[in-house]
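Please read the structure below before turning to the comments.
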Amino acid sequence: MKEIKITYLVHGTTTDNEKGISSGWKDVELSDLGVHQSKELKNQVNMNEFEVVFCSDLKRAVDSAKITFEGIVPIIIDKRLRECNYGDFNGTDSKIVEPLQEKNIIERFPNGESYEDVKRRINEFLEDLKKKQYKNIAIVAHKAPQLVLEVLLNNKSWEQAFAEDWRKTKSWQPGWIYYLK
């Protein structure tokens, strides 16, 4: 059975992150720290192991991917890797949005989507990925797609995925490994 190794990388810190804002689908710039983090990532991952890098079409992920991988590994932008659409709450204070995230697993954010909606689009992305001949890829994206990978590929419940999320446990690392069979 074919297996694809996925190294999941989160985009660098944004100006919204620094202000305590949950961007959602709002496009936002990397902060100076985020640019620095993306440059440093070159020294923290084996750049030569990836056949391709997929990234969200939101500016913060595209910029992170380009700073880290451009000219080294092909980058493919895929809008299915976007953050959850918080709808009316895109660009809102994280103190308001974050408690709502776990309440919007099935129910959609007003004028937005649910985490189950994100799961459907990430699952579609993964099904398409299985049709390719890749063995080792990287993804540069956001919180929601990573939580979906925890649910789909590591068999966690949504509750577990949220509770064990590195953002809550303060356990960032330069990449998380997932296997797609």
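Laboratory data are not the source of any read-out in this text; all were calculated from the coordinates shown. Not measured: the values here are computed from a predicted model. Glycine gets a Cβ as well: all are built from the backbone with ideal geometry, and neighbour counts include every protein chain shown.
Across all directions, the average flat footprint of the convex hull enclosing the Cα atoms of segment 4-180 is 9.1 nm². Putting +1 on Lys and Arg Cβ atoms and -1 on Asp and Glu Cβ atoms, find which of Cys84, Leu152, Ser22 reaches farthest to the positive end of the dipole of segment 4-180. Value: Leu152. Estimated from helical segments only, the mean residue ellipticity of the chain at 222 nm is -11500 deg cm²/dmol, where each DSSP H run of four or more residues counts as -39500 (n - 2.57). Taking all Cα pairs closer than 8 Å and separated by 6 or more residues, the relative contact order of the chain comes to 33 percent. For the pair Ile72 and Lys130 in one chain, pulling the backbone fully straight at 0.36 nm per residue adds 18.5 nm over the alpha carbon distance.
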